[in-house]
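The values are calculated or read from the model by the stated rules, or taken from the named source; none is laboratory data. Note that the structure is predicted; figures quoted are calculated from it, not measured. All Cβ positions, even for glycine, are placed from backbone atoms using ideal geometry, and neighbour counts span all protein chains on display. Side chains included, ligands, DNA and RNA excluded: accessible areas come from the protein's heavy atoms. Shrake-Rupley method; radii C 1.70, N 1.55, O 1.52, S 1.80 Å.
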Protein chains: 2
Amino acid sequence: MRDRLIDCDVHNVVSSDAALLPYLPDRWRRHLELTGSRTFSPFVKGYAYPKAAPLASRRDAWPPSGGPPGSDLDFMRTQLLDAYDVEFAVLNCLYRAPEQRYDVYGAALAAAVNDWQVECWLERDPRLRASITVPFESPALAAAEIDRAAAHPGFVQVLLYPRTQQPLGKRHYWPIYEAACRAGLPVGIHAASTTPGPITAAGWPSYYIEDHTGLAVAFQAQVISLIMEGVFDRFPDLQIVLLEGGFAWVPPLMQRLDALHHRLHDEVPDLQHPPSHYLRHRIRITTQPMEEPERPGDLVPLLHEVGQDILMFSTDYPHWDFDNPHRAFQTRVPADLHRRIMYDNARAQYRFTS
Amino acid sequence: MRDRLIDCDVHNVVSSDAALLPYLPDRWRRHLELTGSRTFSPFVKGYAYPKAAPLASRRDAWPPSGGPPGSDLDFMRTQLLDAYDVEFAVLNCLYRAPEQRYDVYGAALAAAVNDWQVECWLERDPRLRASITVPFESPALAAAEIDRAAAHPGFVQVLLYPRTQQPLGKRHYWPIYEAACRAGLPVGIHAASTTPGPITAAGWPSYYIEDHTGLAVAFQAQVISLIMEGVFDRFPDLQIVLLEGGFAWVPPLMQRLDALHHRLHDEVPDLQHPPSHYLRHRIRITTQPMEEPERPGDLVPLLHEVGQDILMFSTDYPHWDFDNPHRAFQTRVPADLHRRIMYDNARAQYRFTS
């Protein structure tokens, strides 16, 4: 018998701007019609993905109804929810609201996305939960949207990105963490970008492979920042979920951070614990893209080293690098650990009850 | 008889970190001794200036007492205040507090700089006034320092830079404007940088000439941002002073902004006035480095076009590009306009009474 399954990273997609219009007040509908979208990084979306996989999607994920992959709930049921008997799926909508240069407009788009999620997704399938889209580069506006949207019980997370204008530990973003704690929600960080500059610390890379791999580097920078800036001490109820950032980097990073902290704790005298403490207790990580060690058997020691409570399974449906729940592990994982990763950890983190 | 003279941009310099220690609490003294300075742009200061003019200073400005130019009040009296019969001089201390990556430390350094300014400068010569140094990339901390420091009547301005992490009109910086209005002080923007990235929108330039000229471009970006983000509408008492950014770019910029606003005002429906209105009523600009048109006589029409109330004279003492108050204009300026620029406009802006 298979383990019960929670999928922590599924992408629902706004089929076109027209689909959002019913959720926008007149003022912002006019603005959308007048200006469309003016983002910090206008070209990132356009060329970051391989041409062979438009919208970074599985070739078989284009629904017969005609919209883009992820836009049709019935087709998502067929390909994902029913096919793998998913008990709960967490939707992370990556609509371009947080990247808008005009922040009040970004906030209006985020609110429209969230209302659209409630009406077209959360209210239509009891297995669905969703992350709140927020204009996080304007934290005060983001906090207001969290306060508003969290009233619906289908929202289980606040959504940020790992490539940001400042490291996410900075005081600038604290109103978001405050609002998330007020709502009792974790903060998820999902692969995407709002940075107006190059997407790596060394400038713009040439290849998609570099972009995709570089995400793991970006997540590390954010984890270092969140821990060292004291965010977890400041917000004792805050939980962070890293989505699509990998996890093999966790053990070496924590070792180095702990060692440095041991020798240089005078630089951060207010930090309450060694860095790895925060990772163990306050951070959760989704599995896709699943790590694939050269020797498949090395995966299990890695899973243990990261921690049996840390990892939560995800497919990343409908993207091209989808992890099939039946085949994601290329080696045999002990039953207890497997069950935690596929189900228990996510159920505890998001407080799912069925 | 010469016009009375106010010098709106003079640099007092902290002779060494040791001079600040008496103004730092134990915690931050230890931090300074442990870490020194870790700034966003560690190399900018080191190579931006021509080697022939260390610290960007006049070669004759090194005081006999041994410190760097601008560090010795007696020598400043000899070379500037007495030499030109300066009635008031506004000190803009560019100590590296705002550039600190660790914002709470930057705030502590800023407070120390301000206390040092009170004790070593403002209380020692009745002609001196000063700008408040603030860690402006952490606006909440900056606002707190404004509230604290503004209690001393010698502070007449809050000091920001034109190369920042975000355009200064963004909501992020609004707590600073709110605090400045609370204190009844204008906000000055003086040539310098906190950006962690390249200092121009096209990347890192090769030459000091490009850096110096690029400042005028940076100031334009900030003026566009401050106006278009509605900062002046939001803070009706806010006055902005642009220091060392030039002013020849003002008329063409305002014309283009007004024309675009006329055609695209739907994009910014909340803006109360045409853009040039805000420049005329809410922005003041210091003269150094004085514009030098190819035909010297063209300066006067330019001065008129910018506006007779806008410009305020400055020397930039002790820097190498010092403007001599007796020789700054390379052409004859009408007496009334000359008096406004040398004295009246600054006196009104800073509310000097003698």
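Values as computed for the structure displayed
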{"item": "Cα pair distances exceeding 15 angstrom across region B:159-250, given as percent", "result": "59"}
{"item": "Euclidean distance of C-alpha centroids, region A:273-292 and region B:195-227, integer Å", "result": "40"}
{"item": "The protein assembly as shown: calculated mean residue ellipticity at 222 nm from DSSP helix runs of at least 4, using -39500 (n - 2.57)", "result": "-10000 deg cm²/dmol"}
{"item": "Per-residue mean of C-beta atoms belonging to partner chains within 10 Å, peptide B:25-35", "result": "1"}
{"item": "Counting all C-alpha pairs of chain B, share separated by more than 34 Å (%)", "result": "21"}
{"item": "Under DSSP loop assignment and at most 14 Cβ neighbours within 10 Å, longest GluC sites (Glu not before Pro)-free interval of chain A", "result": "A:124-293"}
{"item": "Inter-probe distance in nm under a simple model that places probes 7 Å from Cα toward Cβ, at B:L260 and A:R38", "result": "0.7"}
{"item": "Label distances, nm, B:T78 versus same residue in remaining copies, Cβ-directed 7 Å point", "result": "9.0"}
{"item": "Among A:F75, B:A201, B:W121 - extreme Cα towards positive end, dipole of the protein assembly as shown, charges at beta-carbon", "result": "B:W121"}
{"item": "Projected-area average for region A:64-104 over all orientations - Cα convex hull basis, square nanometres", "result": "4.2"}
{"item": "Nonlocal amide H pairs with A:L242, under 5 Å, H built at 1.01 Å", "result": "A:I189, A:R284, A:I285, A:T286"}
{"item": "For A:F235, label point 7 Å along C-beta direction: distances to other copies, nm", "result": "2.6"}
{"item": "Residue with peak Gaussian network fluctuation, chain B [Cα springs, cutoff 10 Å], from B:Q220, B:Q100, B:Q330", "result": "B:Q330"}
{"item": "Placed amide H near A:V134: partners under 5 Å, 5+ positions off or other chain", "result": "A:L159"}
{"item": "Proportion of all alpha-carbon pairs of region A:130-200 beyond 16 Å (%)", "result": "41"}
{"item": "In sequence order, calculated HN-Hα J values of region B:233-245 (Karplus, 6.51, -1.76, 1.60; Hz; x Gly/Pro)", "result": "5, 5, 10, x, 9, 6, 10, 10, 10, 9, 10, 6, x"}
{"item": "Nm distances between copies for B:H277, ranked from closest, using label points 7 Å along Cα→Cβ", "result": "5.7"}
{"item": "Binned Cα-Cα distance frequencies in region B:1-106 - 10 Å width, integer %", "result": "12, 36, 33, 16, 3, 0"}
{"item": "Inter-chain shielding of A:170-181 (mean C-beta neighbours from other protein chains, 10 Å cut-off)", "result": "2"}
{"item": "Computed label-point distance, nm, for sites B:R148 and B:R59 using a 7 Å Cα→Cβ extension", "result": "4.2"}
{"item": "Per-residue HN-Hα couplings for region B:93-108 [Karplus 6.51, -1.76, 1.60; θ = phi - 60°; Hz; x = Gly/Pro]", "result": "7, 9, 4, 7, 5, x, 8, 5, 5, 8, 5, 5, 5, x, 5, 5"}
{"item": "Most fluctuating residue given options A:R30, A:R101, A:R295, as computed from a GNM of chain A linking Cα atoms under 10 Å", "result": "A:R295"}
{"item": "Average beta-carbon neighbours from other chains, 10 Å sphere, peptide B:102-112", "result": "1"}
{"item": "Innermost chain B residue relative to the axis carrying B onto A, by Cβ distance in angstrom", "result": "B:G197, 3"}
{"item": "Normalised per residue, the volume of the convex hull around the Cα set of the protein assembly as shown (Å³)", "result": "169"}
{"item": "Accessible heavy-atom area order of A:S71, A:S15, A:S131, highest first, probe of 1.4 Å", "result": "A:S15, A:S71, A:S131"}
